[in-house]
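Take a look at the structure below.
The values are calculated or read from the model by the stated rules, or taken from the named source; none is laboratory data. Predicted model, so just to flag it, every value in this text is computed and none were measured. Neighbour counts are summed over all protein chains in view; Cβ atoms, including those assigned to glycine, are modelled from backbone coordinates with ideal geometry. The accessibility values were calculated without ligands, DNA or RNA, using every heavy atom of the protein model including side chains. Shrake-Rupley method; radii C 1.70, N 1.55, O 1.52, S 1.80 Å.
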Amino acid sequence: MPKDLYQLARDDLDRAIDLGVERKVLPSDLDRSKIVVGPTRDPKHGDVANNAPFILAPQLHRKPNEIAELLAPLIVETASIVDDIKPAGGFINASFRIESLREELRTILRAGLSYGDCDLGRGEPVNVEYVSANPTGPLHVGHGRGAVFGDALANLLAKSGFQVTREYYINDAGAQIEALGRTNEYNVRKLRGEKVGDPPEGYYPGEYMQEVAAVTASQTHLLIDISKVARDIAVDENLKTIQSDLAALGISFDAFTSERTLVVAGKIDEAVRVLESRDLVYTGTLERPKGKPPEDWEPRPQLLFRATRFGDEVDRPLKKSDGSWTYFASDIAYHLDKYSRGFARMIDVWGADHGGYVKRVQAAVTALTEGKGALEVKVCQLVHLLKGGQPYKMSKRAGNFVTLREVVDEVGKDVVRFIMLTRKN
């Protein structure tokens with residue numbers, strides 16, 4: 001692959017230093033490894049800058065500005081890419097020659113979409129999991145931030161030579177999904193004219209659930225026990241909507257992994273057995289945390305993971321008082337499943353409400369893989385909307401939210417992606 005302009009500018013600098021060594025104004029044993037050549041912070045100062053004076057000054061026992069004054073004339077003599085070379089404090093600034101820019105444009109046109117490809121990753125598998133919203137309804141605009149960030153990150157990794165798998169984790173187990181199933185069953189029975197009474201606990205009132213009920217009614221016979229299929233059909237229909245909305249944003253996935261499938265296959269038990277075999281699970285009582293206690297804290301003996309051995313603040317519960325697994329236990333199983341599929345490098349993109357879970361899941365990955373696997377978590381902050389000049393709070397449970405699809409249809413996918421990527425995650 002041809003070098004880009006900044007790499008060529010680095011070559012100019014290296015030739016200048018070599019010339020200085022040849023003329024014996026510089027020693028031959030200089031460490032150049034930390035020298036960086038890149039764009040200037042302010043275009044008024046040219047196109048390219050290097051920090052060589054700062055890096056070489058301690059080695060030469062001289063001030064950075066003195067090194068800059070020494071190097072600049074040498075670069076003038078050896079440069080093929082840059083001109084207008086000027087010392088600027090501890091930096092050296094320069095501009096690209098017009099013909100260099102023209103040749104780079106020719107290179108870009110010849111390369112097309114492959115321009116900028118590199119082999120940094122050397123084919124290393126990396127799993128990037130993002131969005132992973134509960135399939136309890138359409139994606140809202142807040143989900144779009146993690147979707148765009150994760151997709152762009154996956155694209156950059158692929159362009160850099162990594163073997164990327166884009167993954168969506170389907171949270172189709174737990175209390176919210178059971179409430180979704182009850183909602184769908186209630187709506188279907190009501191649609192069929194049955195006496196249903198008040199809505200069930202955790203009822204989802206959104207209009208989209210009426211559409212799910214209509215599909216469910218059309219797919220099921222009156223003799224079928226609706227309670228046995230309402231949940232699964234609701235999850236499937238909502239997931240179809242999510243996939244359609246993401247496609248409108250230019251996003252698709254290579255893999256969808258179901259939490260329920262992992263639970264049924266005994267993957268949580270398997271993961272806990274691995275931890276038990278390494279003496280990383282015990283029964284104990286956690287002290288009451290300061291401030292508002294987290295959802296998984298209970299004043300009783302619990303099955304705990306020794307997360308503190310791996311940098312977490314406290315050990316973490318694996319089972320609830322009713323004997324069911326905690327969400328954390330499911331996360332442990334899911335990440336062990338990723339590792340068993342060949343992903344030692346994992347990147348998760350989470351919403352801001354999951355920021356408190358980062359250390360515990362990273363601790364679990366380190367424990368399960370004996371340090372051979374690594375999890376990096378990117379947390380995306382909230383998207384704030386105004387309605388009538390006032391902050392607009394969104395909630396799937398309350399049925400009031402602005403869907404991602406509404407925004408994409410209003411302004412187009414490129415605008416949505418651009419706006420999301422011009423803000424730090």
- Message: Give me a comma-separated list of calculated 3J(HN,Hα) values for the range 111-119, in order, Karplus coefficients 6.51, -1.76, 1.60 applied at θ = phi - 60°, integers in Hz, x for any Gly or Pro.
- Response: 7, x, 5, 7, 4, x, 4, 8, 10
- Gyration tensor (alpha-carbon) shape descriptor, the range 316-372, a/c threshold 1.5: oblate
- Message: Not counting ligands, DNA or RNA, and with a 1.4 Å probe, what is residue 319's accessible surface area in Å² rounded to the nearest 10?
- Response: 70 Å²
- Task: Taking the dipole about the Cα centre of the chain, with the C-beta of Lys and Arg at +1 and of Asp and Glu at -1, give me whichever of 257, 163, 283 is farthest to the positive side.
- Result: 283
- Task: With +1 on each Lys and Arg Cβ and -1 on each Asp and Glu Cβ, and nothing else charged, work out how big the dipole of the range 48-133 is about its Cα centre, in Debye to the nearest 20.
- Result: 160 debye
- Query: Taking the alpha-carbon set of the range 1-119, what are its Rg and Dmax in Å?
  - Reply: 14.9, 47
- If the cut-off is a Cα-Cα distance under 19 Å, which aspartates and glutamates reach residue 378, setting aside same-chain residues fewer than 8 apart in sequence? 129, 151, 167, 312, 331, 348, 353
- Note on the structure: Taking placed amide H atoms and a strict 5 Å upper bound, the residues 5 or more places from residue 40 or on another chain that come that close are 48, 49
- Task: With everything on Cα atoms, drop me the angle between helix 226-248 and the longest principal axis of the chain, reported from 0 to 90° to the nearest 10.
- Result: 20 degrees
- Among the listed pairs 195/228; 3/159; 3/44; 290/338, give every one whose C-alpha distance is greater than 23 Å. 3/44; 290/338
- Note on the structure: Rg (one decimal) and Dmax (whole number) from the Cα set of the chain, in Å, equal 28.3, 96
- Judged on accessible area alone, 1.4 Å probe, highest first, 118, 380 line up as 118, 380
- Item | Whole-Å semi-axes of the range 329-425's equivalent ellipsoid (Cα gyration tensor) | 34, 16, 12
- Item | Rounded to whole Hz, the Karplus (6.51, -1.76, 1.60) HN-Hα couplings of the range 121-128, x for glycine and proline | x, 6, x, 5, x, 9, 9, 10
- Query: residue 378's amide H: which non-local residues (gap 5+, or another chain) put their own amide H closer than 5 Å, with H modeled 1.01 Å from N in plane and none for Pro or chain starts?
  - Reply: 348, 349, 350
- Message: Students sometimes get this wrong: rank 18, 29, 42 by accessible area, probe 1.4 Å, all chains present, largest first.
- Response: 29, 18, 42
- Message: Can you list residues from other chains, or at least 5 along the same chain, whose modelled amide H is less than 5 Å from the amide H of residue 163?
- Response: 123, 124, 126
- Item | Contact order relative to length of the chain, as percent, for alpha carbon pairs under 8 angstrom and 6 or more apart | 15 percent
- Query: Taking a 1.4 Å probe, which of 129, 298 shows the most accessible area, and what order do the others take after it?
  - Reply: 298, 129
- Message: Taking θ = phi - 60°, what integer Hz values does the Karplus form 6.51 cos²θ - 1.76 cosθ + 1.60 yield along the range 23-31, in sequence order, with x for Gly and Pro?
- Response: 8, 6, 9, 9, x, 7, 9, 5, 8
- Item | In degrees, nearest ten, helix 175-191 long axis to first principal axis of the chain (Cα) | 50 degrees
- Message: Give me the percent of accessible area attributable to carbon and sulfur for the range 110-205, probe 1.4 angstrom.
- Response: 53 percent
- Using alpha-carbon coordinates, inclination of helix 141-159 to the longest axis of the chain, degrees: 50 degrees
- Message: Nearest 500 deg cm²/dmol is fine: what mean residue ellipticity at 222 nm does the chain get from its DSSP H runs of n ≥ 4 alone, each adding -39,500 (n - 2.57), divided by its residue count?
- Response: -14000 deg cm²/dmol
- May I ask for the Kirkwood hydrodynamic radius of the range 175-270, worked out over all distinct Cα pairs and given in angstroms to one decimal? 14.8 Å
